[in-house]
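The values are calculated or read from the model by the stated rules, or taken from the named source; none is laboratory data. Predicted model only: the values in this text are computed from it and were never measured. Cβ atoms come from the backbone with ideal geometry, glycine included; neighbour counts cover every protein chain shown. For accessibility, only protein heavy atoms count, side chains too; no ligands or nucleic acids. Shrake-Rupley method; radii C 1.70, N 1.55, O 1.52, S 1.80 Å.
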Amino acid sequence: MRGRRAPRPGSTEVPAAARDADTLRARAASPVRGAQLAEDVGTPTGGGEERRGHQLPTAAPRLRESKPQGGSEDRGTADRDLQRGCQSRSPRTAPPVPGMGDRGAQHERAALQSPGAPEGAAAAVNGLLHNGFHPSAASSRDPPAPRFQLPSELQPQPLFAQHDSPAKKCRLRRRMDSGRKNRPPFPWFGMDIGGTLVKLVYFEPKDITAEEEQEEVENLKSIRKYLTSNTAYGKTGIRDVHLELKNLTMCGRKGNLHFIRFPTCAMHLFIQMGSEKNFSSLHTTLCATGGGAFKFEEDFRMIADLQLHKLDELDCLIQGLLYVDSVGFNGKPECYYFENPTNPELCQKKPYCLDNPYPMLLVNMGSGVSILAVYSKDNYKRVTGTSFGNMMSKEKRESISKEDLARATLVTITNNIGSIARMCALNENIDRVVFVGNFLRINMVSMKLLAYAMDFWSKGQLKALFLEHEGYFGAVGALLELFKMTDTQ
C-alpha cells in the first residue's frame with residue numbers, strides 16, 4: 001500500500017481496500033457474483049440486477065476486512081438480507097460488525113438507493129445495520145424514528161391521500177376497521193317485512209370514541225339522530241320506547257337496541273327516505289325477512305340502490321327469540337304467563353324462566369299464523385298454520401260498523417288459534433306453548449283468552465307463554481344474520 005495516495009475529500013476514487021472488501025463479501029455469498037463484481041469495479045449490487053458504468057457514491061468509506069463476531073452465518077450479505085425482506089428474526093446477541101458505524105452504513109445505503117435497487121431496500125438495510133437484526137412484522141407496522149433521512153420516494157406514505165374528503169376518509173377507515181374486527185360497518189339494521197306491519201330493529205352504538213365521532217359522515221349522524229330522537233315517524237311510524245333493550249354488547253360494540261314499526265302500506269315512503277338520506281353510501285345490502293322481502297326487492301334496488309339479503313322467516317323467528325330471551329329485558333325475564341287465568345279477579349302476570357325451552361310449540365301470530373314444533377335451535381318443523389289477518393287492515397275494519405262485531409271476530413280468531421295449538425301440542429307430546437307475533441301487541445283480550453283456553457282444555461296441564469317483544473323476533477334474527485354474513489366474508 002506504500003506510495004498510494006489517499007483520496008481527496010469528495011473524490012470519486014474508490015480505495016482498493018473498499019473494493020476488495022466488496023469483492024470478498026460478494027464471493028462469500030456467491031462465487032459467480034464475486035467474479036462479476038471483480039470485473040465491474042464500481043458496480044453496485046441490488047436485487048440481483050447489475051448496472052454497468054454506475055459509480056459508487058463519493059467519499060466511499062474504508063471497510064475493515066475482519067469477520068463479525070457472530071460468524072459468517074450471522075453476517076450474511078446485503079443481497080441475501082434483501083431477498084429475505086422484512087421477515088421476522090430473533091435479535092442477535094453478538095455485537096455489531098466492527099467498522100460498520102455511521103460511515104459504513106452510509107456506504108451500504110447509498111449503494112442500495114442506486115437505480116435498480118429493489119423498493120424499500122434501504123429501509124431494510126438501515127434496520128439491519130442499526131439494530132443488528134431484521135425488523136419484525138410488528139415493528140414494521142409501527143417503526144421508530146429513522147436514524148437516517150430517507151429519500152422522499154422511500155418515506156412512509158400517509159394512510160389516506162391529503163386531498164381525500166372527510167366522508168371518503170371515514171368510509172375507508174370504517175371499512176378497514178370492520179375488516180380487522182370482522183364486523184359490518186354502521187348502521188346496523190334488521191327488517192321483518194310482514195303482510196300488515198314492517199318491524200325494524202336498529203342497534204345504536206353508545207361506545208363511540210371521540211375519533212369516530214369526529215370522522216363520522218353526516219348522513220350516518222343524521223340517520224342515528226333521526227331514529228333515536230323521535231318516537232314517531234310521519235303519521236304511522238312508531239318507535240316502541242318501552243321495549244328498548246339497553247346496554248347490550250353486539251358484535252363487540254356496546255349500545256341500545258331500538259324497536260320500530262310502521263304499516264307495510266307505507267313501505268314506499270321508507271324506501272324513498274333511504275334514497276334521500278343516501279343510505280347506499282353506507283350500506284349496499286340490507287338483511288330482511290318476511291314475504292315483503294320478495295315483494296319490495298325490486299323497489300329497494302331501483303329507488304334506493306340497495307340490495308335485500310333475503311332470509312328464511314322461520315329461522316329468523318327462532319334465532320331472534322332465543323337471543324332476546326338469553327339477554328333478558330333490561331334485567332327482567334323476557335317470558336311470562338298468566339296465573340289463575342280462569343279467574344278474572346285473581347288473574348295476574350308472572351315471569352317465567354325459559355332457560356330450558358325444548359321442546360316447545362311456537363305459535364307465530366301475525367297476518368297469518370304459523371305453528372312450529374321446536375326441538376332445538378336447529379331442529380324444528382312447521383306443523384300447520386292458518387290465515388284471519390283481515391281485521392288488522394284499516395280498510396277491512398272500516399267495512400264493518402259495530403264494535404261488538406269486531407270483538408266477536410277477535411274472539412273467534414283467538415279461540416281457533418288456541419284450539420289448533422292445543423291439538424298440535426298433544427300430537428307432538430309437548431307441554432309448553434309459546435305465543436308470539438304482532439297480533440298480540442296491546443291485545444290483552446286475546447292473551448287472556450288464549451291463557452284461559454289452554455288451561456281449561458288441558459285441565460291445567462298446558463301453559464300459554466308469552467314474550468315481551470312479541471312481534472320483533474324476526475327482525476332481531478335478521479340483524480344476527482348480518483353479523484354472520486360478515487363472519488363468512
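What to note about this one:
- Just one residue in the set R224, R239 is buried (at least 16 other Cβ atoms within 10 Å of the Cβ) and modelled with pLDDT of 95 or more; that residue is R239.
- Pairs are defined by a Cβ separation below 6 Å, a sequence spacing of at least 6 or placement on different chains, a first member in the range 213-236 that is without any contact (Cβ under 8 Å) to a residue 40 or more places away in the chain and under 21 Å from F259 (Cα atoms), and a second member that is open to solvent by less than 50 Å² (accessible area, probe 1.4 Å) and hydrophobic (A, V, I, L, M, F, W, C); the pairs so defined are T236/F262; T236/A266.
- Evaluated against (1) under 21 Å from H309 (Cβ atoms); (2) out of contact with any Asp or Glu (no Cβ under 7 Å at 6 or more places or on another chain); (3) buried (at least 18 other Cβ atoms within 10 Å of the Cβ), K199 falls short on exactly one condition, (2).
- Per-region count, the range 178-211, residues in a helix (DSSP H, G or I) and modelled with pLDDT of 55 or more: 3
- The range 341-385, residues that are more than 16 Å from M447 (Cβ to Cβ), assigned to a strand (DSSP E or B), touching a residue at least 24 places away in the same chain (Cβ under 8 Å) and touching a Phe, Trp or Tyr at 6+ places or on another chain (Cβ under 8 Å): L372, A373, V374
- Top-ranked residue of the range 390-443 - restricted to ones that are of a type in the set (S, T, Y) and open to solvent by less than 50 Å² (accessible area, probe 1.4 Å), ranked as modelled with the lowest pLDDT: S393
- Some residue of the range 450-466 being under 30 Å from K310 (Cα atoms), modelled with pLDDT of 90 or more and under 43 Å from the mean Cα position of the chain (by Cα): yes
- When F338 is tested against (1) in contact (Cβ under 8 Å) with a residue 60 or more places away in the chain; (2) more than 25 Å from K484 (Cα to Cα); (3) of a type outside the set (G, A, S); (4) assigned to a loop (DSSP other than H, G, I, E, B), exactly one condition is not met: (4).
- Of all residues making up the range 272-299, the number that are aromatic (F, W, Y) and within 30 Å of G368 (Cα to Cα): 2
- Candidate set from the range 362-386 (those that are of a type in the set (A, V, I, L, M) and out of contact with any Leu (no Cβ under 7 Å at 6 or more places or on another chain)); member that is surrounded by the fewest Cβ atoms within 10 Å (Cβ to Cβ): V369
- Only helices (runs of 4 or more DSSP H) whose full extent lies in the range 395-489 are considered here, and the ones with at least 3 residues that are over 26 Å from L200 (Cα atoms) are 403-428, 444-457.
- Yes/no for N356 being of a type outside the set (G, A, S) and at pLDDT 85 or above: yes
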